[in-house]
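First comes the structure, then the notes that go with it.
The values are calculated or read from the model by the stated rules, or taken from the named source; none is laboratory data. Just so we're clear, the structure is a prediction, and the values are computed from it rather than from any experiment. FYI the Cβ positions are ideal-geometry reconstructions off the backbone, even for glycines, and counts take in every protein chain you see.
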Amino acid sequence: MTTLQRILAGFIITCCYNSCALHPNNSNNNNIPGNKTAAITRLSGLDHSNLANDDKNIAVKQIQVKINKNIELFGLIMQLNMGEDLANSNDTLMIDNQLSTWKDWYRLAWNNYTKYKKFNESSLMKLYRSYSQKGFYDDFFIGFLLQVDEVPAAKLNSTTDKEVVMTFSASSDYTSAQKAAAKFLEEFNAFYKELKFADYLMQNEDNYKRMVADVIKNLPSETFLPAMETFYQKAFQNYFLVPGFNIPTSMGFGKMNRNTQSIYNVFGPFTFQRFETRPLQLGFDDPSRIQNLSVHEFGHSFVNPAVDQLPEELVASTDYLFTPIKEAMSKLAYPSWKICLYEHFVKAGEVILAEKLGKKENAENLLKESVAARFIYLPFIVEELRRYDANKITYPSYEVFIRGVLEKLKKRQPNEKD
């Protein structure tokens, strides 16, 4: 499989997006990409009166939008790695409802490949490719680089998850893993200096400011996080959206740092970029997709661990329910019953949260569209979760409740539809 084919697989999924969401008139110096940490924060000053009583026990949270220099540099690595495939791809086809080429879809990737092509055989690129051949995917590096200090002084720190570091060792020896991880970061820092990447960041300062402004204006309502934490009876310490100017178009990654209890959504532009137009079209100003990042992808951070706690024998014993929807789910890049369960429960949570936030029409549309897409068990799960939401005081946890939901699903026939 070529690099471009791997990228296109990500395009179909539009996110491992397994995987947080960002006022135009902010001139704070912390927004400048050249600074060590660039961040814009929207605080949630909340009125809990329209939520359940136990909302008052949940600390006020904030959705943070961050630019991370490690992610920007790694995005350039991804762009260089796909450059040769783009160079050899000249077909015209329909992409996002436009007749176009892959070079146009990945416009910034192609521009940066032509600009930085001489660095494509650098020692860092060779090291990156050697890890790729060993099964280290971009998803891993994104998660790892979010947990270390930023370039040009990237290094392991007290918040870096040791299990993530351990991945660098084939023998599960932490000392050797630590050395290998440190070696990668040493090369990563050297690559930053070799490229003069600080200059690149400053040259694109206006683009970064526009990108962040486009995201932050589309954040969900301030009641969203408290409602989500109340519904799932669980909370994370930090919620981050990390827009990546250099992340290839349509790609996204949802990651978590267990040590800091932080969840991240790293994502590239959603559609075509136009750098020759005024105003610039950077591909990030999309309300529905920003909402999706916030509601759907944050939802995975609550739902996936809960589904993972289900007994394996229970999941296996309900696998027959996947048969009537397998073809449709596979086309949506959900190739197994367990992955399909993740999506069913996340979508069910979206419906409930929309209802709780007074967006009844949105909830109805989501339910209708999802069933049409063959999420045929969704109405049943939604009805069960409404019961859970109305009586959470009687249930010890969301995790325990969904086990009962799956037990009920187990009794259903493969061809049964709602």
Counted residues, region 369-414 - those being over 15 Å from Val303 (Cβ atoms) and part of a helix (DSSP H, G or I): 16
Are any of the residues in region 234-245 assigned by TED's automatic domain parsing to the domain that holds Phe74, touching a Phe, Trp or Tyr at 6+ places or on another chain (Cβ under 6 Å) and on the phi > 0 side of the Ramachandran plot? no
Does region 171-191 contain any residue that is β-branched (Val, Ile, Thr) and buried (at least 19 other Cβ atoms within 10 Å of the Cβ)? no
Helices (runs of 4 or more DSSP H) fully within region 109-214 counting 1 or more residues that are at positive phi and among the small types (Gly, Ala, Ser): none
Determine, yes or no, whether Phe253 is assigned to a helix (DSSP H, G or I) and buried (at least 16 other Cβ atoms within 10 Å of the Cβ). no
Quick check on my filter: what residues within region 333-361 are under 20 Å from Ser294 (Cα atoms) and either assigned to a loop (DSSP other than H, G, I, E, B) or among the small types (Gly, Ala, Ser) (or both)? Ala348, Gly349, Ala354, Leu357, Gly358, Lys359
Name, by its number, the condition in (1) among the aliphatic types (A, V, I, L, M); (2) more than 19 Å from Gln147 (Cα to Cα); (3) surrounded by fewer than 20 Cβ atoms within 10 Å (Cβ to Cβ) that does not hold for Leu219. (3)
Is it true that some residue in region 334-354 is out of contact with any helix residue (DSSP H, G or I) (no Cβ under 9 Å at 6 or more places or on another chain), surrounded by 15 or more Cβ atoms within 10 Å (Cβ to Cβ), of a type outside the set (A, V, I, L, M, F, W, C) and outside the structural domain of Leu225 (by TED's automatic domain parsing)? no
Kindly provide the set of residues from region 111-156 that are touching a strand residue (DSSP E or B) at 6+ places or on another chain (Cβ under 7 Å) and of a type in the set (D, E, K, R), ordered by number. Asp139
